[in-house]
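Enquirer: First the structure, which I've put down as structure tokens, then a few questions once you've had a look.
The values are calculated or read from the model by the stated rules, or taken from the named source; none is laboratory data. These figures come from a predicted structure and were not determined experimentally. Neighbour counts run over all protein chains shown; Cβ positions are idealised from the backbone, glycine included. Note: areas computed on protein heavy atoms with side chains; ligands, DNA, RNA excluded. Shrake-Rupley method; radii C 1.70, N 1.55, O 1.52, S 1.80 Å.
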Amino acid sequence: MIESIREWAFRDYLDERGTNVVREWIIARPVAAQAKIDSILLTLKARKIWPPQYVSSLRGYQYIYELRIVSSGVQYRPLGCYGPDEGEFTILLGSIEKGGKLPKGDCKTAIERRKVILKQKGRTCEHDFS
């Protein structure tokens, strides 16, 4: 019997106005970076277990993970969490690592947004690959 591999569902965070802040962040990047971000997400979507080269937990921030994507030497770090439902990963915001560090406040914003989506799943939408 062949075990079927269930795809992951990626979701994007919506602000209080319903704006997809993740898609806005992605389209503000260079075209090559946009393509790289979405291609990594498509790769992860079909994998049961994600390799650490593409995703890692953030030390000191329980339940928050960074996706590790490099394009033209820039360290793109979309921050997200598992959920709100099983088999889902929600991207909470986009970030860029510089000098080995994320901008101040990005991790705390991710924590606050995680709390929001766990209470209000309607504050997420299916990831926009357009």
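Enquirer: Which residues, counting only those in segment 54-76, are of a type in the set (A, V, I, L, M, F, W, C) and part of a loop (DSSP other than H, G, I, E, B)?
Expert: Listed by number, the residues that qualify are 58, 64.
Enquirer: Restricting attention to segment 54-76, and to residues there that are among the charged types (D, E, K, R) and within 18 Å of residue 10 (Cα to Cα), which single residue is least open to solvent (accessible area, probe 1.4 Å)?
Expert: It comes out as 66.
Enquirer: Considering only segment 17-37, I want to know if a residue exists there that is open to solvent by 60 Å² or more (accessible area, probe 1.4 Å) and either assigned to a strand (DSSP E or B) or among the aromatic types (Phe, Trp, Tyr) (or both).
Expert: No, because not a single residue in segment 17-37 is open to solvent by 60 Å² or more (accessible area, probe 1.4 Å) and either assigned to a strand (DSSP E or B) or among the aromatic types (Phe, Trp, Tyr) (or both).
Enquirer: Okay, next question. Which condition does residue 70 not pass, out of (1) among the hydrophobic types (A, V, I, L, M, F, W, C); (2) in contact with a strand residue (DSSP E or B) (Cβ under 6 Å, 6 or more places away or on another chain); (3) more than 17 Å from residue 118 (Cβ to Cβ), if it passes all the others?
Expert: It is condition (2) that residue 70 fails.
Enquirer: Restricting to segment 81-100, name every residue that is within 12 Å of residue 10 (Cα to Cα), within 10 Å of the chain's Cα centre (by Cα) and in contact (Cβ under 8 Å) with a residue 60 or more places away in the chain.
Expert: Selection gives 89, 90, 91, 92.
Enquirer: Can you pull out every residue in segment 77-92 that is out of contact with any helix residue (DSSP H, G or I) (no Cβ under 6 Å at 6 or more places or on another chain) and either farther than 20 Å from residue 49 by Cβ or surrounded by fewer than 16 Cβ atoms within 10 Å (Cβ to Cβ) (or both)?
Expert: Passing the criteria: 77, 82, 85, 86, 87.
Enquirer: Say we look at segment 117-130 and pick out the residues that are hydrophobic (A, V, I, L, M, F, W, C) and surrounded by fewer than 17 Cβ atoms within 10 Å (Cβ to Cβ); which of these is farthest from residue 75 (Cα to Cα)?
Expert: That would be 118.
Enquirer: Check 103, 51 and return the single one that is more than 14 Å from the chain's Cα centre (by Cα), surrounded by fewer than 18 Cβ atoms within 10 Å (Cβ to Cβ), part of a loop (DSSP other than H, G, I, E, B) and modelled with pLDDT of 95 or more.
Expert: Among 103, 51, only 103 is more than 14 Å from the chain's Cα centre (by Cα), surrounded by fewer than 18 Cβ atoms within 10 Å (Cβ to Cβ), part of a loop (DSSP other than H, G, I, E, B) and modelled with pLDDT of 95 or more.
Enquirer: Any idea how many residues of segment 77-100 are under 15 Å from residue 26 (Cβ atoms) and in a strand (DSSP E or B)?
Expert: 7
Enquirer: On to the next question. Take segment 12-33 and flag every residue that is among the hydrophobic types (A, V, I, L, M, F, W, C) and without any contact (Cβ under 8 Å) to a residue 60 or more places away in the chain.
Expert: Correct list: 27, 28, 31, 32, 33.
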